[in-house]
Every structure is written in C-alpha cells, then in structure tokens.
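Undergrad: The structure under discussion is supplied below as structure tokens; questions concerning it will follow.
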Amino acid sequence: MSVNEPDRGSGPIAPGSPLARVLDGYGTPDLPAGFADRVLAAAETRAPPLPELRRPARSRRWRIGQRLAIGVASFGALATAAAATGVLEQLAIPVPSAKTVWASLTGSGEASASAAPVVDAAVPASASTPAPIIIDGPIDTPEELQETLRRVDQVRAGRREERRAIIDQRIKSEIERRRAAGLRVPTPEEEARLRARIEQAVTAREQRADAAAAARREAMQRKVENGEALTREDVTGRKPASPEARERFRGLRDLPPGERAKAWREMTPEERRALAEELRARRAARLPQQPAPEPAPTPAPAPAPEASPPAE
Amino acid sequence: MHTATEPAPAVRSAPPPGDDAAWAARLAARDPAALREMIARHGTALHRVAYRMTGDAHEAEDIVQEAMLRLWDNAPAIAAKHPVGSQAAARLRLGGWLQRVATNLAIDRLRRARRLSGGEVPEEEDGAPLADEVIEAGERDNLARALVLALPERQRAAIVLTYYEELPNAEAAKAMDMNIKAFESLLHRARTALRQALTAQGDAP
C-alpha cells in the first residue's frame, strides 16, 4: 500500500502484511453536506485579519546580535564618559591617549615623543594644587634636605600662582559687581595702579617669606652638616601648637565666617587674649622681620588669614 | 466512507503549473467561488488527515474549516508573493500549504488537549469502546484506530501523511516543517512503535 521510499533501519509497511491489513481498516468519514456553505458563511462573518507587524519578525540570532551590539555600544559610551570625566584616573586606572594607542598599534615612535609633553604638562597642573608635604622620619642627610627643599619650593610656587589668580579674580568680580550696581568703576589707569600696589604688597610679602625661609634653610643646612636630624619645627618654622590651641584653631577655621565671628565674640576676654597672642607668636616665628608699612588699602579684599594656606 | 483501501490521492486533480497562483489571486480578491473550489479540491484530503490525527470527526471538520479560513485570510499575502505568471507562481502549491496548516492545527489541538487533561489524550473521544475492549472484540478498524491514536502526535502525523496520504518523505517532512533526516528518524520510530504495539496484541506484523 505504501509507496513512500524505505527508511533506514525499518522498512516501509509492506502491502498485505498484517500491520498493513490492520491499518487499512482505519476508515474516514466524508465531509458532511453543506460543509462548504458553512465555511463560506464563516469567511463572510470572519473578522478581518490583524494588520502586519510594523517591524518584520526577525530571527532569534539577529535579535541576540542586536542586543549584543547595543550592550557593547552602551558599555563603550559609559567607558568613554568615565574616561572623559576623569573617573578612571580617580580609580587609578591608566587611560592611554588616542595617539599612544595608535602608536602601539602601528609601532611608530611619534607617540612616544609626543607623549612626553603630555606628562610634562601634567606636572605644573598638579603643582598648582598644593600637595601636603609629609615628612616621614628625620631628615639628616643633605640629599634628603635638598629633596625636601625642592618639594617645598614646588609647593610655594604653586601657592603663589594661586594667590595671584585669586587676587585677579576678586578684582574682576568687584569691578563687575560695581558695574552691575551702576557704581563708578575704576578707569584702566586706576585699575593698573591698583594692581601695581597689590603686586608690590604681594612681592614684599613674598620677599619677607623668602628671607625668613632662607634664614631657616641656612640653619637647617648647618644642622644637617653637623649630623643632626631636623624636626618639623625646623622645616616649617613654627612651634607646634598645643593640642588645645590646635583644637581651638581647627574649630574656628571650620566655622563659616559669620559663625566664626560669633564664636570669637562669645569667648571670654582671657581666651581671646591667649588665642590672639598665640597667633601673633606663630606669625612672628614665621616672619621674624617686621614688615614694611602696608600700601594703601585696596578695594579688593585680601584673602582671609584662615583661608590662605601657610607659606610652608 | 472513504477508506485507505481506496486510492487516496493527495489532491483531487493535479492543477496545471501556476494554476494555484490564479486561485490565490481570486481568493485575494475575495471571490467566494474560489474558496468553494478550494474546499472541493482539498477539503476531503485535509479531512482525512485531520480525522486520522484526532480520531474525532467534529474536531476534524473544525480543523479543515480553520485551515480554509486561514487560506482565506492569508490569500492576499500569498498572492502578493506569487504573482500570476512569475516563477514563484509556478512553485506555489496550495494543497501543500493547506496540508501543512491542517497538520500543525491537529498537532496543536492534540497537545492542548493533553495539557488540559493532564495526561494522554483519551483515545476514544467520541465514546467508542476502549482499545482493550476493541481488541477483544476483534474489530479491525477500531484496532487500527487504537494503534494510530496511541502514537505520539508527531509520529501519528508521520504515519498519516506517508502511509495513508502516500506523500513522499520529502513532502511529508515539508508539511511538518522538518528536515528530511529528522523526519525519517521520526517515521522509523513510528513504524517501530506500531509493530511493537501490534506484537503486544499477539499478532506479529
């Protein structure tokens, strides 16, 4: 009965075999009369088919590939944003520049030559933000002293640049404020004279600090040559404040300006006097020479003493 | 009643090449006469397949009706893919398309019934005597029915399409959306299961 081709391992059901005789007994009924009319009636009343999907159905492989591509693109965008905002540098993850990557791919030496200025340019940038000088252990050799002085000079240069930038910014903002308020603003000649006076005062202050530092450095060099170890007081030029005084200074320094003045007023006269004398002594130790008379006051207020970092 | 002892051609009459594309175009134009002609051409063959798959005449009628209505719904898309006179039109076989739809509908209904019943589909949904009683009664047609309906639905479809409908393996595989190797393996398992079931009844094939 079966005319289909034989399959492997099990031949077709041979006509006349017992199985074929049994299977041939499975008859089927005919379709009922009127079946076609029923189907036609159903077709007439059948709801119209749904519109086709807007997007054609895609294979599973294509969908997975699409998701992978979206994931890779998202990760790349996040990584690029992290590298651009400096998050990776904060996490100590080195981010090579595009030129460095290209040079490593092509093997050209241009990137290594061009990478050096990038590193050099980063040093002044980091020097502009003063890093705290941490002296671990005694300094008792000329090499250690030279290294210490080099680091001190580096930080001082950065601080001086920052002070000048702050002064410049304050002058500009004050002029802008006066212009916005409709007040008289200094002419260019007046502004130049003002800047000259401020620069003179700043230079005088720096000269005094340099002189004081030079004196301390001579003393430190003599001490190191004699084989003695330097102390923190030798380097900073300050006597270490008592823990109580340090705590009071810190408490005052951390307060907002308005509350700082209020806290100062609320001190007893004895406390105020003691604190002022201690501050005066620290300043005198840092600047042993009496300063020259200050120039005329400037419209731009100088930085507050507690806001300016110590010279060394 | 049509039985397998009679010739059971897959289609009523072999249409000329490209004829199905013309019928699809008429169906797409919503010609009821075209649908009536399709029912006349393919309805009986589809009903045989559906009935032997499900063992239920009413279920088989529903399947044929649903297959025809799907042809009615999909006629515009089919006609668009196989415009009259094109090479694609010469390849169009509405009988094979309907065969595939009806087979899948029957398999889906059997699976749904098994899922709802929580086990095997009852072999005698129309209240006919159970297989054991049939075997004891020695009624040959009911024995064949019991043997076929005892097969898993895909093996049942393979036997129905190749033995009863006499489709070549390639066409039967196409109707079941399978590759030829997998279909031959399925057919081998179906024949083996039939022979083992018949042997278990004490009548060696």
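Undergrad: With the requirement that a residue be open to solvent by 40 Å² or more (accessible area, probe 1.4 Å) and over 15 Å from B:R191 (Cα atoms), what does the stretch A:12-28 give you?
TA: Pass one, the stretch A:12-28, residues open to solvent by 40 Å² or more (accessible area, probe 1.4 Å): A:12, A:14-16, A:21.
Within the stretch A:12-28, just A:G16 meets the criteria.
For (1) open to solvent by less than 40 Å² (accessible area, probe 1.4 Å); (2) among the aliphatic types (A, V, I, L, M); (3) touching a strand residue (DSSP E or B) at 6+ places or on another chain (Cβ under 7 Å), each residue gets a yes or a no:
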| site | (1), (2), (3) |
| --- | --- |
| A:E225 | no, no, no |
| A:E228 | no, no, no |
| A:G237 | yes, no, no |
| A:R248 | no, no, no |
| A:P257 | no, no, no |
| A:A263 | yes, yes, no |
| A:L275 | yes, yes, no |
| A:L279 | no, yes, no |
| A:A285 | no, yes, no |
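Undergrad: Going by the conditions given, is B:G55 at positive phi and within 11 Å of chain A (Cβ to nearest Cβ)? Quick ask: steps written out before the conclusion?
TA: Working: at positive phi: yes; within 11 Å of chain A (Cβ to nearest Cβ): yes.
Here the answer is yes, as B:G55 does meet what is asked.
Undergrad: Which residues, taken from the stretch A:209-252, are over 15 Å from A:R282 (Cα atoms) and outside any helix (DSSP H, G or I)?
TA: Within the stretch A:209-252, A:N226, A:G227, A:E228, A:A229, A:L230, A:T231 meet the criteria.
Undergrad: Here is a follow-up. Taking the stretch A:56-111 on its own, how many of its residues are closer than 30 Å to B:A77 by Cβ and in a helix (DSSP H, G or I)?
TA: First, pick out the residues of the stretch A:56-111 that are closer than 30 Å to B:A77 by Cβ: A:56-67.
Then drop every residue that is not in a helix (DSSP H, G or I), which leaves A:60-67.
Of the residues in that region, 8 qualify.
Undergrad: For the stretch B:51-61, how many residues are in contact with a Lys or Arg (Cβ under 9 Å, 6 or more places away or on another chain) and either open to solvent by less than 20 Å² (accessible area, probe 1.4 Å) or in contact (Cβ under 8 Å) with a residue 24 or more places away in the chain (or both)? I'd like the intermediate steps shown before the answer.
TA: Looking only at the stretch B:51-61, we keep the residues that are in contact with a Lys or Arg (Cβ under 9 Å, 6 or more places away or on another chain), and these are B:52-55, B:59-61.
When the remaining residues are screened for being either open to solvent by less than 20 Å² (accessible area, probe 1.4 Å) or in contact (Cβ under 8 Å) with a residue 24 or more places away in the chain (or both), the result is B:52-55, B:59-60.
Matching residues across the stretch B:51-61 total 6.
Yes/no matrix, rows are residues, columns are (1) among the hydroxyl-bearing types (S, T, Y); (2) part of a helix (DSSP H, G or I); (3) open to solvent by 40 Å² or more (accessible area, probe 1.4 Å); (4) more than 9 Å from chain A (Cβ to nearest Cβ):
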residue	(1), (2), (3), (4)
B:A24	no, yes, no, yes
B:Q65	no, yes, no, no
B:M68	no, yes, no, no
B:I78	no, yes, no, yes
B:A89	no, yes, no, yes
B:T103	yes, yes, no, yes
B:A106	no, yes, no, yes
B:R112	no, yes, yes, yes
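Undergrad: Does A:M267 meet the test of being open to solvent by less than 50 Å² (accessible area, probe 1.4 Å), touching a strand residue (DSSP E or B) at 6+ places or on another chain (Cβ under 6 Å) and at pLDDT 80 or above?
TA: no
Undergrad: Here's another thing I want to ask about it. Would you mind stating whether B:R30 is among the basic types (K, R), not in a helix (DSSP H, G or I) and not assigned by TED's automatic domain parsing to the domain that holds B:I159? Lay out the reasoning, then the answer.
TA: Numbers: among the basic types (K, R): yes; not in a helix (DSSP H, G or I): yes; not assigned by TED's automatic domain parsing to the domain that holds B:I159: yes.
Yes: the conditions hold for B:R30.
Yes or no, residue by residue, for (1) facing chain B (nearest Cβ under 8 Å); (2) modelled with pLDDT of 85 or more; (3) exposed (fewer than 14 other Cβ atoms within 10 Å of the Cβ):
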{"residue": "A:N4", "(1), (2), (3)": "yes, no, no"}
{"residue": "A:G9", "(1), (2), (3)": "yes, no, yes"}
{"residue": "A:F35", "(1), (2), (3)": "yes, yes, no"}
{"residue": "A:A41", "(1), (2), (3)": "no, yes, yes"}
{"residue": "A:E44", "(1), (2), (3)": "yes, yes, yes"}
{"residue": "A:Q66", "(1), (2), (3)": "no, yes, yes"}
{"residue": "A:I70", "(1), (2), (3)": "no, yes, yes"}
{"residue": "A:A73", "(1), (2), (3)": "no, yes, yes"}
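Undergrad: Filter the stretch B:171-205 down to the residues that are assigned to a helix (DSSP H, G or I), open to solvent by 20 Å² or more (accessible area, probe 1.4 Å) and more than 9 Å from chain A (Cβ to nearest Cβ) and list them by number.
TA: At the first step, the residues of the stretch B:171-205 found to be assigned to a helix (DSSP H, G or I) are B:171-175, B:180-200.
Keeping just the survivors that are open to solvent by 20 Å² or more (accessible area, probe 1.4 Å) gives B:171, B:174, B:180-182, B:184-185, B:188-189, B:192-193, B:195-197, B:199-200.
Correct list: B:E171, B:K174, B:I180, B:K181, B:A182, B:A193, B:Q196, B:A197, B:T199, B:A200.
Undergrad: A further question follows. Name every residue in the stretch B:78-92 that is under 25 Å from B:L167 (Cβ atoms) and modelled with pLDDT under 90, in order of residue number.
TA: Selection gives B:K81, B:H82, B:Q87, B:A88, B:A89, B:A90, B:R91, B:L92.
Undergrad: Oh, and also: If you go through the stretch B:147-158 one residue at a time, do you hit one that is surrounded by fewer than 21 Cβ atoms within 10 Å (Cβ to Cβ) and farther than 22 Å from B:D56 by Cα?
TA: Pass one, the stretch B:147-158, residues surrounded by fewer than 21 Cβ atoms within 10 Å (Cβ to Cβ): B:150-155.
Next, only the ones that are farther than 22 Å from B:D56 by Cα stay: none.
No, there is no match, as no residue in the stretch B:147-158 is surrounded by fewer than 21 Cβ atoms within 10 Å (Cβ to Cβ) and farther than 22 Å from B:D56 by Cα.
Undergrad: Collect the residues in the stretch B:52-95 that are among the hydroxyl-bearing types (S, T, Y) and either under 16 Å from the mean Cα position of the chain (by Cα) or not assigned by TED's automatic domain parsing to the domain that holds B:R26 (or both), keeping them in residue-number order. Can you show your working first?
TA: Start the filter on the stretch B:52-95 by keeping residues that are among the hydroxyl-bearing types (S, T, Y), which leaves B:54, B:86.
Result: B:T54, single match.
The values are calculated or read from the model by the stated rules, or taken from the named source; none is laboratory data. From a predicted model like this one, the values you see are computed outputs, not experimental measurements. As a convention, Cβ positions derive from the backbone with ideal geometry for all residues, glycine included, and neighbour counts pool all protein chains shown. Please note that ligands, DNA and RNA were not included when accessible areas were found on the heavy atoms of the full protein model with its side chains. Shrake-Rupley method; radii C 1.70, N 1.55, O 1.52, S 1.80 Å.
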